[in-house]
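The values are calculated or read from the model by the stated rules, or taken from the named source; none is laboratory data. The structure displayed is predicted, hence computed values, not measured ones. We place every Cβ from the backbone using ideal geometry, glycine too, and count neighbours over all the protein chains shown. Remember, those area values only see protein heavy atoms, side chains included, never the ligands or the DNA or RNA. Shrake-Rupley method; radii C 1.70, N 1.55, O 1.52, S 1.80 Å.
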Amino acid sequence: MESTIVAHLQPEFEPVAVVWADELPDGAVEFKAGRFGCILNLFAEASVRGRVAGGSRDTVVCNGGRAALGVGVDFFGSEERVDHLATIFSKGLASARDESAYVQKMRSARASFQPLLEFGERRHSDREMARRWILDCLPRHDIPNRYVWFKPLSATGSDENIRTVVFPVGPVELAGLITLAGSVVEGADPVHVPQGPDCLRVGCFTYDQYDEKQPRAVLGMLDVDGREVMHRRFHDDTLTLAIPMPLFLRMEEEAADSVLTIPRWTTLRGIGDSGGLQ
């Protein structure tokens, strides 16, 4: 797909399309069935290495990743499970309802997971607040397709079921994209900044926006865990702006006559005459 936004923005990293599909593309990569992996690594494969990467119900075992892709949310199996996740999302051992039982679970976990279980993710200040987020705020999607693929935008076709376009961007690129988004979204809030893991910000949080009358872009890579994963693939100042497809198409229509075409933008990007700036 040729993009007017990309032509004018000239981003360092390849934008990525989130595609729902029923078939496995040739040369695509995914996790081996049953092997744990973070879907942000699949996203990075598409953006940095130009590969189609993704998964299905059979190959994505991380509950957060499954929720992000919309291939089933396994967070609500029992009250005990919700409570356990809420403990992790808040302060770990310090938030545990039954400290001795939690310590047993922590000690039986893989060594690499034990610090996470001990200290928690600190997304919420207490377990009850985390429980409310799980029950009331976590997007729940079960898509009708078998696969979700992260695919380089330039390699996609107009006939594909693209749900979201995700731009990994630095501060200057982000300024241009947010200004462009704001130029076609009514009001003063074109960007949604939800609380939660970064995998959700490139997936199901934008699914929620897809059908909105005024869909908004979703700002991401603001999560400590997500930044740790992305540190190995991008830059420390790289963020993501995930744009639901209906909004992306409106931005595409505007891009040729937008902030990305005026002299101040080219100056900011270091292109052409500096206009006297030193």
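A few points about this structure:
- Residue check, LEU260 modelled with pLDDT of 95 or more, out of contact with any strand residue (DSSP E or B) (no Cβ under 7 Å at 6 or more places or on another chain) and open to solvent by less than 10 Å² (accessible area, probe 1.4 Å): yes
- Qualifying residue in region 162-176 (condition: touching a residue at least 24 places away in the same chain (Cβ under 8 Å) and acidic (Asp, Glu)): yes
- Whichever residue in region 18-44 is open to solvent by less than 20 Å² (accessible area, probe 1.4 Å) and touching a residue at least 60 places away in the same chain (Cβ under 8 Å) and, among such residues, is nearest to GLY203 (Cα to Cα): VAL18
- Candidates are the residues of region 213-242 that are acidic (Asp, Glu) and free of Cβ contacts under 8 Å to residues at least 24 places away in the same chain; the one that is surrounded by the fewest Cβ atoms within 10 Å (Cβ to Cβ) is ASP236.
- Leading residue by the ranking (farthest from ARG233 (Cα to Cα)) among those in region 52-61 that are in a loop (DSSP other than H, G, I, E, B) and touching a residue at least 40 places away in the same chain (Cβ under 8 Å): ARG57
- Under the condition of being touching a Cys at 6+ places or on another chain (Cβ under 9 Å) and open to solvent by less than 20 Å² (accessible area, probe 1.4 Å), the residues counted in region 171-197 number 2.
- Test: THR156 is touching a strand residue (DSSP E or B) at 6+ places or on another chain (Cβ under 9 Å) and crowded, with 23+ Cβ neighbours inside 10 Å: no
- Taken over region 1-50, the criterion of being more than 17 Å from SER154 (Cα to Cα) and more than 21 Å from the chain's Cα centre (by Cα) is satisfied by ASP22, GLU23, LEU24, LYS32, ALA33, GLY34.
- In summary, PRO246 fulfils each of the numbered conditions (1) open to solvent by less than 70 Å² (accessible area, probe 1.4 Å); (2) in contact (Cβ under 8 Å) with a residue 60 or more places away in the chain; (3) part of a helix (DSSP H, G or I) with the single exception of condition (2).
- Selection status of ASP58, of a type outside the set (S, T, N, Q) and either surrounded by fewer than 17 Cβ atoms within 10 Å (Cβ to Cβ) or under 11 Å from TRP149 (Cα atoms) (or both): yes
- When the helices (runs of 4 or more DSSP H) confined to region 69-154 are screened for residues that are under 29 Å from ARG51 (Cβ atoms), among the aliphatic types (A, V, I, L, M) and at pLDDT below 95, none reaches at least 2 such residues.
- Looking at ARG131, ARG146, ARG107, ARG163, just one residue is buried (at least 16 other Cβ atoms within 10 Å of the Cβ) and over 23 Å from GLY220 (Cβ atoms), and that residue is ARG131.
- Qualifying residue in region 189-197 (condition: polar (S, T, N, Q), in contact with a Pro (Cβ under 8 Å, 6 or more places away or on another chain) and touching a residue at least 12 places away in the same chain (Cβ under 8 Å)): no
- Criterion applied to SER183, SER274 was being over 30 Å from PRO144 (Cα atoms) and either in a loop (DSSP other than H, G, I, E, B) or at pLDDT below 95 (or both), and the one residue passing it is SER274.
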